[in-house]
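In what follows, a single structure is set out as structure tokens and then discussed.
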Amino acid sequence: MSERLHILITGGAGYLGSTMVPALLAAGHRVTVLDTFMFRQNSLAHVCADPGFAVVRGDAREEAVLRPLVQTADVVIPLAAIVGAPLCDRDRTAAVSLNRDAVATLVRLLSREQRIMMPVTNSGYGIGEQGKHCTEESPLRPVSLYGRTKVEAEAMVLERGNAISFRLATVFGMSPRMRVDLLVNDFVHRAVYDRAVVLFEPHFTRNYIHVRDVARAFLHGIDRFEAMRDNAYNVGLSDANLSKWQLCERIRAHLPGFVFVEAPIGEDPDKRDYIVSNAKIEGTGYRPTHSLDDGIAELIKGYVMIRDTHYGNV
Ligand SMILES: NC(=O)c1ccc[n+]([C@@H]2O[C@H](COP(=O)([O-])OP(=O)(O)OC[C@H]3O[C@@H](n4cnc5c(N)ncnc54)[C@H](O)[C@@H]3O)[C@@H](O)[C@H]2O)c1
């Protein structure tokens, strides 16, 4: 590492953040997390012993909370968001005020020298681009409120400059703040506990990336900021542009009793069917190090500890 930086991460106690924060600390950076801990998570307990780590409970939409925190930051990573289309539809006002407007506030508060790095969903590529290879030049046409707020935030950040945006594939793998709603995590959970899944539109192809490789992409961006700045980069596994059916076949290789069938009727509400090129970030020297199979094996282990049955007796 060349420089020891102070990094402010809003929403840093979430699924991505609770894997990213220890990685940034291990690389020698100082990290301050601002989070509301909306899931009552203690996902950063293991880094509290690190003197380079600071944590603030507060709302990333509050200018008065943000203002003193941004003052000493070299890099800001806005992870705080209402994440995913279903959650955004449940509270549309919160989705707009956090996913978009809080990023606008950050952009306004930061000085020119301060850097921003943010994650965006690449799901908008999938709309109307069936079977096509999507690059960063392909239009992002999000249909959900979630997708729209993220794409609007990305546009603000890139227009402001001194920024990098990472357009992430569907993330998988274990993290201290776990999410079992993400596609791979969800299918492996079903394979472990239900041993079966019904697929709508099983030929729809998506792409995937391990949660630790997301952290590595941000570290890569910090280390090569000058060369990479003012651009968006797709981040996914180039050997894992797989349909849902192929994903299930990969899971069955680990769990032979897993049964999956195609539903004769019904639609995938998510309408994603696309192949993504990661050539641009790979051209900067970045390579993911965790395969889909690594992630599936890791999830099977993790689900020995986690079982998502809030209201079941067993
Ligand atoms: N996980 C993915 O597959 C994926 C893909 C693309 C982009 N992203 C983006 O990455 C970021 C993190 O996603 P995640 O999967 O870790 O989700 P997450 O829901 O696990 O994390 C969100 C975090 O934000 C916190 N938070 C909520 N409201 C807040 C507020 N008002 N102020 C401060 N903190 C608040 C939550 O407590 C949580 O720790 C989001 O911006 C998301 O859009 C995620």
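Starting from the Cα of ASP186, step 7 Å toward the Cβ, then list every residue of the stretch 101-140 with an amide N under 18 Å from that point. In the stretch 101-140, the label zone of ASP186 (backbone N under 18 Å from the point 7 Å along Cα→Cβ) covers 121-127. Remark: relative contact order (the stretch 1-116) = 29 percent; criterion is Cα-Cα distance under 8 angstrom and separation of 6 or more residues. Ordering ALA215, LEU292, PHE187 by Cα displacement along the dipole of the chain toward the positive end leaves ALA215 in first place; charges were set at the Cβ atoms of Lys, Arg (+1) and Asp, Glu (-1).
Stretching HIS203 away from SER238 to a fully extended chain increases their span by 10.8 nm, per 0.36 nm per residue minus the current alpha-carbon distance.
Three semi-axes describe the equivalent ellipsoid of the chain; taken as square roots of 5 times the Cα gyration tensor eigenvalues and ordered largest first, they are 31, 22, 19 Å.
Multiplying the residue separation of HIS310 and ASP230 by 0.36 nm and subtracting their alpha-carbon distance yields 24.4 nm. Given the pairs LYS244/LYS301; LYS280/LYS301; LYS132/LYS244, which are separated by over 24 angstrom at their Cα positions? Exceeds cut-off: LYS280/LYS301.
Taking every C-alpha pair closer than 8 Å and separated by at least 6 residues, the mean separation divided by the residue count of the chain gives a relative contact order of 19 percent.
Projected onto their three principal axes, the Cα atoms of the stretch 177-314 cover extents of 53, 34, 26 Å, largest first.
Modelled label positions at ALA279 and LEU255, each set 7 Å beyond Cα in the direction of Cβ, lie 3.7 nm from each other. Since only THR93, SER111, ILE82 are under comparison, the one whose Cα sits farthest along the positive direction of the charge dipole of the stretch 74-168, derived from C-beta charges on Lys, Arg, Asp and Glu, is THR93.
Taking amide H as placed 1.01 Å from N in the peptide plane, the amide H of PHE166 sits under 5 Å from that of MET118, VAL120, TYR233, each at least 5 places away or on another chain.
Counting 0.36 nm for each residue step from ALA94 to ARG4 and taking away their Cα separation leaves a gain of 29.0 nm.
Histogrammed with a bin width of 10 Å, the alpha carbon distances of the stretch 64-120 distribute as 22, 50, 23, 5 percent, first bin at zero. Based on every Cα atom in the stretch 34-147, Rg and the maximum pairwise Cα distance Dmax equal 16.5, 49 Å. When the GluC sites (Glu not before Pro) in the stretch 1-68 are filtered for DSSP coil states and for at most 10 other beta-carbon atoms within 10 Å of their beta-carbon, the remaining sites are GLU3. Roughly what angle does helix 183-193 make with the longest principal axis of the chain, taking Cα atoms, 0 to 90 degrees, to the nearest 10? Between the helix axis and the principal axis of the chain, the angle is about 50 degrees.
Net charge dipole, the chain: roughly 400 debye, given to the nearest 20, about the Cα centre with Cβ charges of +1 for Lys and Arg and -1 for Asp and Glu.
A convex hull fitted to the Cα coordinates of the stretch 207-288 yields 115 cubic angstrom per residue.
Each value in this text was obtained by applying a stated rule to the coordinates, not by laboratory testing. This structure is a prediction, so every number in the text was calculated from the model and none was measured. Positions of Cβ are generated from backbone atoms using ideal geometry, with glycine treated the same way; all protein chains shown enter the neighbour counts.
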